[in-house]
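*Asks:* Just passing along the structure, written as structure tokens.
Where a number appears in this text, it was derived from the coordinates with a stated rule and is not lab data. These numbers were taken from a predicted model, which means no experiment stands behind them. Every residue, glycine among them, receives a Cβ derived from its backbone with ideal geometry; neighbour counts consider all protein chains shown.
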Amino acid sequence: MAFRRGFRPDARAVCQLARAPRRSSLLEAHPLAKVIASLPERISLFRNIQSEDTPENRFIKFALQTFVSFLNRMRLKLEEVDSVADARLRNEIATLENQLETALMADVFRHVSEPDRLPSGSTVLQRKEGYREVYQAWLRFDMAARLVWHGGDDVYGAGQRDVATLYEYWVFFKLLDIVTRVFKLEKPAVQTLIEETADSFGLKLKTGEHLAFAGIFLGSARPLSMRFSYNRSFVQNREPGKSGSWTERMRPDYTLSLWPSDFDERVAEAQELMVHVHFDAKYRIDNIEQIFGKDDADLDDAGRERDLNSEKQEQREGRYKRADLLKMHAYHDAIRRTHGAYVLYPGDKTKQWEGYREILPGIGAFPIKPGNGDQAVEQFIREIVAHTCDRATARERQSYHTYRVQEAPAAYRVMDAFPERATGSLSRHLPPAETFVLVGWNKSDEHLKWILREKLYNFRMDARAGSLRLEPEITAAQYLLLHGEGARAESGLLRITSKGPRVLSKDALKRKGYPGEPSGDFYLVFDIELANEFDGFSWDYTKLPNRPGGRQSAAPFAVTLDAVLAAARS
């Protein structure tokens, strides 16, 4: 400043008064003449003023301008082609471009100049809210621009723009992001996805049809192993205990596989502990009715008839709207251990069908698109994980029985007449292979008459041969088969009417007229009655499996009803 105006002195100003060049002599009448002979013509003063032209603001402006420029190029390229299929993408780009341009018109950027360096070490960019998010977005954008992506040839090769394939890739990265938040991956996803180029000077996305990411879930008392796969093929496999399809080869876009960590993946498949959930990306769909058609609950009888006729016409014309629904059913029914199949589409509505009363098994669709978030899909995956950790679900019981049934083929054929309903009930009868028959000793005709008259059958309670061991098959038995000397089996069967045996003493049996002298002090007694549905059946006792021989021939044992029916005499 010129030295004609007043100022507030500080240490730097005082130094300049004493040492600055280009000085003017003071008049002898000047009050300072006795202290200093001359003063500088000018001195520099420093003061703090607020300015938006900081390195951090320069970078933010640069980043937003970079995004706008990129979006502008995308929009112009799409407008050159003027494809109807890309109309939605052009609208989304234009909306985002307008939002960024509006942000750049803010007052804060009017006096911000162009950046001269990247302030990567700035704590403001790294930590301050708002700055941090823009900085991280720009880093991801810049890294993506540096990657060599051979898969881009599938999208943009030969002048084409396969937006559906691009959407499929985008959904993959969104699902991978969700999986990374829910599970602990064995190694970071970037190590699986990115590798060096041949010259070691660049990076590229790994190529190949199948990508898989392994991890674990530890947020429950039941730890789960996980595998998230992209383009996993399930080849035809006729062996029930192995992974694959039991019809033809299937390849969903994305597969989430869960199984208990205590089991190897191969063993989990064999024992029906594996849970596969598949997802397919469908960009061409933006309305839930395009996937599944109209909901029957929203139509009257006439409307349902018209809708069915319309579907038949669409089938003949090759544009069947429920084709994606049928594909989800194909995944669910053909790929072994599949408990869910879902469409991911850029719409707004979620649709779920539950096979029973639980989240799995199920089929449906979830919306996922840029700007709409992935909360619905992430919440669904977390619910699947919680369901798989639950040991008391109906799906868990069903998978256990499926494993037991498929573990070995049926040992017997049952072609004889057999009751369809349980006695005294409208419920279906247990399968013969799961219905147990207790085989007991009949020592004489007098003993048989007492059994039929008193509707009781007794087993001795002690450690001697012929005593009964209360195994689960014994206590769950529904029928009683009697046999005697010479491998002879009594005709028909007796139905056990009690829910389990009761204990009677030797004296109690004698009061009921038991023939002869009971040899034990206490007996297990079953209540029985004639099973009329087996009247006329006779049995070949020698064909029964697991029957004891020698001195143990009178010992009680249990067999399944299908084995007994297989021993029926013709």
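*Asks:* What's the local net charge at Val112, with K and R +1, D and E -1, over the other residues with C-beta under 13 Å away?
*Replies:* Once positives and negatives cancel, what remains is -3.
*Asks:* Classify region 335-418 as rounded, prolate or oblate from the Cα gyration tensor: take a ≥ b ≥ c as the square roots of its eigenvalues, call it rounded if a/c is under 1.5, otherwise prolate when a/b beats b/c and oblate if not.
*Replies:* Taking the square roots of the gyration eigenvalues as a ≥ b ≥ c, region 335-418 is prolate.
*Asks:* Tell me which of Gln379, Gln398, Asn231 sits at the most positive position along the dipole axis of region 211-402, charges placed on C-beta atoms (Lys, Arg +1; Asp, Glu -1).
*Replies:* Farthest along the dipole direction, towards plus: Asn231.
*Asks:* Enumerate the helices in the chain for which the Kyte-Doolittle hydropathy averages -1.0 or more and the C-alpha atoms extend at least 20 Å along the helix's axis, using complete DSSP H runs.
*Replies:* Qualifying helices: 55-81, 87-104, 131-146, 163-182, 375-389.
*Asks:* Another question, if that's okay. With N set to the number of residues, divide the alpha-carbon radius of gyration of region 211-402 by 2.2 N^0.38 Å and report two decimals.
*Replies:* Relative to the 2.2 N^0.38 Å estimate, region 211-402 comes out at 1.09.
*Asks:* Take each of the peptides 72-78, 563-569, 112-118, average the number of other beta-carbon atoms within 10 Å over its residues, and list them starting from the highest.
*Replies:* In decreasing order of mean packing, 72-78, 563-569, 112-118 become 563-569, 72-78, 112-118.
*Asks:* Taking a temperature of 25 °C and a viscosity of 0.890 mPa s, what whole-number D in µm²/s does Stokes-Einstein yield for the chain with Rh from Kirkwood over alpha carbon pairs?
*Replies:* Reported coefficient: 76 µm²/s.
*Asks:* Another question, then. Grab the Cα-Cα distance for Ala13 and Lys443, subtract it from 0.36 nm times how many residues apart they are, and report the gain in nm with one decimal.
*Replies:* Answer, rounded to one decimal: 142.1 nm.
*Asks:* Moving on. If the convex hull of the alpha-carbon atoms of region 444-528 is projected onto planes in all directions, what is the mean projected area in square nanometres?
*Replies:* 5.7 nm²
*Asks:* Two decimals is fine: what is log10 I(q)/I(0) at q = 0.18 Å⁻¹ for region 498-570, from a Debye sum with one equal scatterer on every Cα and no solvent?
*Replies:* These q points yield log10 I(q)/I(0) values of -1.01.
*Asks:* Add +1 for every Lys or Arg and -1 for every Asp or Glu among the other residues with Cβ under 10 Å from the Cβ of Asp521, and state the total.
*Replies:* Every neighbour counted, the sum reads 0.
*Asks:* Provide the FRET efficiency to the nearest 0.05 for the Tyr403-Asp116 pair, computing r from the beta carbons and using R0 = 51 Å.
*Replies:* 0.15
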